[in-house]
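The values are calculated or read from the model by the stated rules, or taken from the named source; none is laboratory data. Computed from a prediction, not measured in an experiment: that's the story for all the values here. We place every Cβ from the backbone using ideal geometry, glycine too, and count neighbours over all the protein chains shown. Areas reflect the complete protein model, heavy atoms only, side chains present, ligands, DNA and RNA absent. Shrake-Rupley method; radii C 1.70, N 1.55, O 1.52, S 1.80 Å.
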Amino acid sequence: MASRDDVVPEITPQVLLKAYAVGIFPMAESADDPGLYWIEPEQRGIIPLGDFHISRRLARTVRSDRFEVRIDTDFAAVIGGCAEATGIRSKTWINARIRRLYGDLFRLGHCHTVECWRDGRLAGGLYGVQIGAAFFGESMFSRERDASKVALVHLVARLKAGSFALLDTQFTTPHLKQFGAIDVDRRRYHRLLGKAIAEEADFYFLGAGGLTGEEALQSVSHTS
């Protein structure tokens, strides 16, 4: 289900948080389209935190510390990376309003990034929104192999250690299904959402700096 925000000319960060709390989120048709659409999928993608899958190959990559993982250090660069066209995706839904709104949420402490750096260059990462014990993954990108996957592992490590109850992926894709992503119907999603946003969680339970790969894998394992 989608509806355009023509009757709401300006969406504030507070309106955006209220929308997430009732199960809807905005998207744009393209980077050049100034409008936004409210989306409420019939089937919602989630990754159950107790059933997160990591392949042996990816675990070796995470453990190798090929990337330096940083938390919340460069939101503009992360959302910029997520907005880049790729060989798979020729256009983006991230327009100027999306950048501005989520930048405001970042400054308010409701939006977080997990960033993978190598040799002083941002190789990949992700960003998402937190309300209570719910984390809404928005987008991820890679400029080097496995960078976004490593960022996702580090995200899940933080969410599990910090007592999060819900990791929302909005939709499922073959890429996300390899990590255990599933579709849930709207009714079940609203039950999970209501419970999660009523609880407290700490994104910085493991500290404000990046973890080593071994620490991330231990966090995922210890809270399974």
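Observations
- Selection count, the stretch 103-155, where residues are within 17 Å of TYR204 (Cβ to Cβ), out of contact with any Cys (no Cβ under 9 Å at 6 or more places or on another chain), in contact (Cβ under 8 Å) with a residue 40 or more places away in the chain and part of a helix (DSSP H, G or I): 2
- LEU58 of a type outside the set (Ser, Thr, Tyr), more than 30 Å from ALA216 (Cα to Cα) and open to solvent by less than 50 Å² (accessible area, probe 1.4 Å): no
- Options LEU126, LEU108, LEU122; residue that is in contact with a Lys or Arg (Cβ under 8 Å, 6 or more places away or on another chain) and hydrophobic (A, V, I, L, M, F, W, C): LEU122
- Test: residue in the stretch 188-195 that is under 17 Å from VAL156 (Cβ atoms), open to solvent by 50 Å² or more (accessible area, probe 1.4 Å) and not hydrophobic (A, V, I, L, M, F, W, C): no
- Checked across the stretch 152-160, the condition of being charged (D, E, K, R) and crowded, with 24+ Cβ neighbours inside 10 Å holds for at least one residue.
- Considered as a group, the residues in the stretch 196-208 that are open to solvent by less than 40 Å² (accessible area, probe 1.4 Å) and under 30 Å from TRP117 (Cα atoms) include one that is farthest from the chain's Cα centre (by Cα), and that residue is GLY207.
- Residues of the stretch 122-151 that turn out to be in contact with an Asp or Glu (Cβ under 9 Å, 6 or more places away or on another chain) and open to solvent by 30 Å² or more (accessible area, probe 1.4 Å), as a count: 1
- Scanning the stretch 167-182 for residues that are open to solvent by less than 70 Å² (accessible area, probe 1.4 Å) and either over 28 Å from TRP117 (Cβ atoms) or part of a loop (DSSP other than H, G, I, E, B) (or both) turns up THR172, THR173, PHE179, GLY180, ALA181, ILE182.
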